[in-house]
1. Starting from the Cα of Lys546, draw a straight line to each of the lysines and keep only those under 20 Å, dropping any in the same chain fewer than 8 residues away.
2. Place a +1 charge on the Cβ of each Lys and Arg in the chain and a -1 charge on the Cβ of each Asp and Glu, then give the dipole magnitude about the Cα centre in debye, rounded to the nearest 20.
3. State whether segment 384-472 is rounded, prolate or oblate according to the following rule on the C-alpha gyration tensor (a ≥ b ≥ c being the square roots of its eigenvalues): a/c under 1.5 gives rounded; otherwise a/b larger than b/c gives prolate, and the remaining case gives oblate.
4. Based solely on its DSSP helices, what 222 nm [θ] is calculated for the chain when runs of n ≥ 4 H residues each add -39,500 (n - 2.57) and the sum is averaged over all residues, nearest 500 deg cm²/dmol?
5. Angle between the Cα long axis of helix 495-504 and the longest principal axis of the chain, 0 to 90 degrees, nearest 10?
6. Just one of (i) 1.24; (ii) 1.34; (iii) 1.01 is Cα Rg over 2.2 N^0.38 Å calculated from these coordinates, so which is it?
7. Give me His462, His18 ranked fewest to most by other Cβ atoms within 10 Å of their Cβ, as a rough exposure proxy.
8. Arranged by the count of other C-beta atoms within 10 angstrom, fewest first, what order do Phe458, Phe427 take?
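What follows draws every value from the coordinates through simple rules; no lab data is involved. Predicted model, so just to flag it, every value in this text is computed and none were measured. Don't worry about glycine lacking a Cβ; one is built from the backbone with ideal geometry, like all the others, and counts go over all protein chains shown.
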Amino acid sequence: MQELAQGYYLANFSAVTHRVAEVYADLLSPQELQYYREFHRLQQPAQYLYVRMLMRKGSLFRASKLRYAEIPSRSDASRELQDKGFIAIDPALPVSDWLPLFNKSESLQWLAQAGVETETLRALKASKRAALDQFAAAHFAQPEVYQNSDSDQETGTPADSAAVPAPPETCYQLLDPEAFEVFKLLYFGNPRQDLTDFILRDLAITRFEQYSLARSERLFEQRRQIDQQLAFYRLTAELETILQADAATILQFHQHLPQPAADDARLQRRVQRVTLQLARQLERLQCPQQALQLYRGCPQAPSRERQVRILTAEGDVDAALQLCGDIVASPQTDEELEFAQAFAHRTAKKHRLPLEAWPGLDCYQPPQRTLELPRPSLEVEGERVERLAAAWYGRDGECYYVENALFLTLFALVFWDVIYAPVAGGFSHPFQYRPHDLYDEDFLARRRHWYEQAQQTFAAEHCPDGLVQSGPLLERYAAKQGVANNLVFWQATSPELLELTLQRVPAADLEKICARLWQDLQHNRNGLPDLIHFPAADGYRLVEVKAPGDRLQKNQRRWMAWFARQQIPHEVVQIDWC
């Protein structure tokens, strides 16, 4: 493993700010441009100190905790940062803000110097830390103003004969710590990501694809988009707390969510996801009408499913069935369609309505076999049941435990150039595992040229016997080995497995599986069978393994039913212990 160079974090911070200033100079505010210019005018030690604080949690720090070899004089660096408005030294803050920076022993010593009675100190020493902090907050309600010592020891002293002594040592406070949020948003696509990805690359832990980052492909084109994204993230930082509140607070929170423009699909999806969470919590709080109101303004699944359930519970069966009909006519996902068919049939039957209009879901039962295996001994107790089943199938030919890894990896290899196509809004920084819009409905539409090209290339690799030439895909597998891609499972696949798959699985089957993945990649990427079995004679079989007491999940059933329609060999094996 490589070692990080001294000051690596400053180089990474500079890479982010330089890139954003280069690509988004026309969208940055005067204050943001000033922040960028002033930072890069600082002396290097001051830059080091600022970025060190920025990388830490919080905005208030003890000076003694910021000792680094690359900063020869912390006093000089901190004074420069204060002069340029980046930090405040010993700011006037309530005791409750800075006292938690010190441990309990240090805090008790400070309270003693502040004149707190011995009896009280004994009680606080015997109590938990929270009690000490609560006492200090109540006892010293007003902030005190301190002057800094000019000595290198950086110990604070009272500005005058204040009754409350200064903190045990100098503290630094970042001013406007959110300033860097704009740069993170424009660089990473969100302000919550940090500089960790640089470290993964610099340490050679993760390898990323080399894709286009041209200015013409940037994420944002209007300042309005930036402001709304920032407002969304700042507001939803409190989401977990809001979800624990009452219905009125939840509805008020929802009113403050940004209203994205029609051309900002990314923010629309984010707002809708939060709206679904808020509406679901209103259901739990027994506020169905308020929840229904939020769901009706949110087109994202499973909004219509929740509306159907609420309408039925409220006794409006006709409206519920009508909405089921809308879902069946234009389902957003296979899961939503399955729900509408099954729920409408049950509801019509319960209310004695004509069932012809609601034939219900055809519950496909896949081929199943029961396999008795000896219970694993204590030595191999952690062995997955899938691997035990794979060993049993392997007595006839070869069998691999692949789950979703095999077909997703093949899918990514076939459509690699589609995934990494140079399209506006796809990539904003060099550390992405996938394009920003990989799961968007219009992903393929925006890459139609590359998609058609990939299909033609794949078709040209078909052999006369109906299989696929293994050479081109194996070459790409070797060339891209280790590249971070959330559709590729390098450790769970191998050249031998891929070659055998291409020798046994017909090209037509691979094309069908890829087509179904593209229909709803976010959901269809899960639920594929556990094993692929290559019998000694010929062919292949996909096998889902179920441990004693385990059952097929909904997405697994959907894959199995689809396999049946496409005549792809599959079965379920139920394990029983001998």
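1. Answer for Lys546, where 20 Å is the Cα cut-off: Lys554, listed by chain and number.
2. On the way: 62 positive and 76 negative charges, 152 e Å.
It works out to roughly 720 debye.
3. Values: a/c = 3.35, a/b = 1.59, b/c = 2.11.
Oblate, because a/c is 1.5 or more while a/b does not exceed b/c.
4. Numbers: 27 runs with 285 residues, N = 578.
So the calculated ellipticity at 222 nm is -14500 deg cm²/dmol.
5. Around 30 degrees separate the two axes.
6. (i)
7. Details: His462 16, His18 13.
If I rank by nearby Cβ atoms, fewest first, I get His18, His462.
8. Numbers: Phe458 20, Phe427 25.
Neighbour counts put them in this order, fewest first: Phe458, Phe427.
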